[in-house]
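Just below is one structure, and these are the notes that go with it.
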Amino acid sequence: MTFSIHGLAVARGIAIGRAVIVASSRVDVAHYFIDAADVDAEIERVRLARNQVVEEIIRLQQTLGGMKPKDAPQELVALLDVHLMLLQDEDLIGGVKQWIGSRLYNAEWALTAQLEVISRQFDEMEDEYLRERKADLEQIAERVLRAMKGAPSPLAPPLPPREARPKSKQELLLDDTIDVPLILIAHDLSPADMLQFKKSVFAGFVTDVGGKTSHTAIVARSMDIPAVVGARSASQLVRQDDWVIIDGDAGIIIVDPSAIILAEYGFKQRQFEVERQRLTRLRHTPAVTLDDQKIELLANIESPDDAAAAVNAGAVGIGLFRSEFLFMGRKGKLPGEEEQYEAYRRAVDGMQGLPVTIRTVDVGADKPLDKPNDRSAREDNHLNPALGLRAIRWSLADPAMFLTQLRAILRAAAHGQVNLLFPMLGHGSEIRQTLALLDHARAELDNRGMAYGPVRLGAMIEVPAAALTLPLFLKYFDFLSIGTNDLIQYTLAIDRADESVAHLYDPLHPAVLRLLADTIAACHASGKQVSVCGEMAGDVTLTRLLLGLGLRSFSMHPAQILAVKQQVLRADTGKLAPWAQEVLVSENPAALLAA
Ligand code: PEP
Ligand code: MG
């Protein structure tokens, strides 16, 4: 039966394919594709882990068997029998083999995928006792996952029966081909997970949680494939291998679509492709408005490999290299100076002489280094990481780490034009400490006799405190870059990663527009360069307004550049400026934009 799920539109376009559910397990599970040559070895890993758990259970049974009959917990003995039976069940291992062999999932992923399938079969059982065995199944799967991780299986007594989950409807259809487009559906994905998936084959993404400018959404957008976040219970409602359509413009997921709906969306998908192709003609067209204003369209990137996409899209430089993605998912082992230097140098070389703005590491908040983006853990700790040790605060708290990064960037600057950008500065003392450390990094390189290049210095304006003390920033920095994603979050007190307040996250709030307009105006008055590198810069519905407010430099995902350029080519800033002033003082700016 066809049904639809509504979420937040984050990346445009239509994707049609089969669902791949990334189950959230209590054990942290890696998801990646293996090489076809490794299928047998991967199946063997599961078999060995399964055998290890079987042996552990048999040993436990023997211990229990040695007890006096009156001491032996009979219920436990019976449950261990059930566990053994489930472990040896062909449905489990057969299914796992199929996910590995036909889809090339890694062993852990295959096991959680098959667990999901069997769990749903349990949900549909009439018999309550059998239905409740699902909890046992989950427990043994966890033991096998732990065994695969090499972690000692804790062999806690089996869980008491748990309440069954809501019923599901159909049988799983396993398709033997991996040529069908795949759509990833997960409860949550950390930005580091997204980066991992960036190298893979998915045609679209859906997550239950996340806001429009959460970092997961940002990486999805940079992959230029349709994506919807904040889709609440999508990962529960959609099943492995269901056909799904993602409408990335409307933020809708259509599950099990009828032939008519499929045909309609197939048509929309082709239209979208035609439009995209048409835009490629603008690649080499200079971004100049009708009244001859030159507009700088720069790219945001997450890795040096993205430089190629930036050049292809006609970007005139990198306006934001989010260096933190080099630091994530490394189990606490941060990249050293050489590794960072190589990465920054690759980005500089990749841009073929165009400027590259490298932002120092901005971890924390919804970009943890390793842990999954686990909101319940945050809430349990009564901490709000968005207000905590994040970005420049994190760097200043660990000067050795920060100096390593600064030296690597300064060295890369010997190979091309590099701008050095600092995130989340809010206080004069932070500015002074940052600049003192930069001097220190230069002195260290001098002492070592190592070559380094000149850098232009920039500050992100992304906390209201910065936007309200601009003279201080203009005194110390060569340019400012407005991070609207955080500026909106901190001005409106709306967690950008929280879908439950996403309706309040408003780029057109008069307070946000006021801070933006004042920052742009202050930079013009002092002859300093200013750009916007938050998601507002790539939103075509806001291009005219930003031009009207005086913005001449925009930094966005490469995939958004040509559509924004099209807006620029049609704009007349002379006419837009007075209109933008009206929008600025309006009680309802959104209405004026829509008019
Ligand atoms: C921003 O806050 O707008 C920004 C560009 O930085 P990030 O999205 O990485 O926090
Ligand atoms: Mg930011």
If you take the Cα atoms of region 405-485, find Rg, then find the Kirkwood Rh from the mean of 1/r over all pairs, what is Rg/Rh? 1.01
Shape call for region 215-361 from the C-alpha gyration tensor, a ≥ b ≥ c root eigenvalues: rounded (a/c under 1.5), prolate (a/b greater than b/c) or oblate? oblate
Regression test value, accessible area per residue of region 448-542, probe 1.4 Å, units Å², expected 37
Tell me, what % of the accessible area of region 427-516 is carbon and sulfur with a 1.4 angstrom probe? 59
Against the rule of thumb 2.2 N^0.38 Å, how large the Cα Rg of the chain comes out: 1.07
Amide H of GLN529: which non-local residues (sequence gap of 5 or more, or other chain) have their own amide H closer than 5 Å, using H built in the peptide plane? LEU480
Gyration tensor (alpha-carbon) shape descriptor, region 513-579, a/c threshold 1.5: oblate
For region 55-62, in order, what is each residue's ³J(HN,Hα) by Karplus, 6.51 cos²θ - 1.76 cosθ + 1.60 with θ = phi - 60°, in whole Hz (x at glycine and Pro)? 4, 4, 5, 4, 4, 5, 4, 5
Rounded to 0.05, the calculated FRET efficiency for the beta carbons of LEU383 and ALA436 at R₀ = 25 Å is 0.30
May I ask which residue of ILE118, GLN98, LEU445 lies farthest towards the positive end of the charge dipole of the chain, with charges of +1 (Lys, Arg) and -1 (Asp, Glu) on Cβ and the Cα centre as origin? LEU445
Filter LYS294/LYS575; LYS97/LYS198; LYS149/LYS198; LYS333/LYS367 down to the pairs with a C-alpha to C-alpha distance above 18 Å, please. LYS97/LYS198; LYS149/LYS198
Please report the carbon-and-sulfur percent of the accessible area for region 194-272; probe 1.4 Å, protein heavy atoms only, DNA, RNA and ligands left out. 59
Tell me, what is a quarter of the convex hull surface for the C-alpha atoms of region 445-487, in nm² with one decimal? 4.2
Evaluate region 250-316: find the radius of gyration of its Cα atoms, find its Kirkwood radius, and give the ratio Rg to Rh. 1.15
Quick check: from the Cα gyration tensor, does region 278-360 come out rounded (a/c under 1.5), prolate or oblate? prolate
Pull out the extension gain between SER258 and VAL274, defined as 0.36 nm times the separation in residues minus the alpha carbon to alpha carbon distance; nm, one decimal. 3.3 nm
With +1 on the Cβ of every Lys and Arg and -1 on the Cβ of every Asp and Glu, and nothing else charged, how large is the dipole of the chain about its Cα centre, in debye rounded to the nearest 20? 1700
Simple Cβ-charge dipole of region 332-483, Lys/Arg +1 and Asp/Glu -1, about Cα centre, in debye nearest 20: 220
Counted charge near LEU104, where neighbours are those whose Cβ lies closer than 11 Å (Asp, Glu -1; Lys, Arg +1): -2
Ordered by residue, what ³J(HN,Hα) values in Hz, to whole numbers, does region 288-305 give under the Karplus form 6.51 cos²θ - 1.76 cosθ + 1.60, where θ = phi - 60° and Gly and Pro are x? 10, 7, 4, 9, 6, 8, 7, 10, 8, 10, 10, 10, 9, 9, 10, 8, x, 5
Rounded to the nearest 500, the 222 nm mean residue ellipticity computed for the chain from DSSP H runs (n ≥ 4, each -39500 (n - 2.57)) alone is -14000 deg cm²/dmol
Go through 231-242, 80-91 and give me the packing order, highest mean Cβ count within 10 Å leading. 231-242, 80-91
With an 8 Å Cα cut-off and a minimum separation of 6 or more residues, compute the relative contact order for region 495-581 in percent. 26
Given 331-343, 38-50, the highest-first ranking by average Cβ count within 10 Å works out to 38-50, 331-343
Nitroxide proxy distance, nm - points 7 Å out along Cα→Cβ at ALA590 and VAL39: 5.1
Please turn the phi angles of region 238-253 into ³J(HN,Hα) values with the Karplus equation 6.51 cos²θ - 1.76 cosθ + 1.60 (θ = phi - 60°), one per residue in order, whole Hz, x for glycine and proline. 8, 10, 3, 6, 4, 6, 9, 10, 9, 9, x, 7, 9, x, 10, 10
Sequence-distant residues sharing a close amide H with MET460 (under 5 Å, placed H): PHE422, MET424, LEU425, SER481
Using Cα pairs closer than 8 Å and at least 6 residues apart in sequence, work out the relative contact order for the chain, in percent. 15
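The values are calculated or read from the model by the stated rules, or taken from the named source; none is laboratory data. Small disclaimer: the values here were computed from a predicted structure and weren't measured. Using ideal geometry, Cβ is built from the backbone for each residue, glycine included, and neighbour counts are taken over all protein chains shown. The protein model used for the area step is the full one, side chains on, heavy atoms only, and it has no ligands, DNA or RNA in it. Shrake-Rupley method; radii C 1.70, N 1.55, O 1.52, S 1.80 Å.
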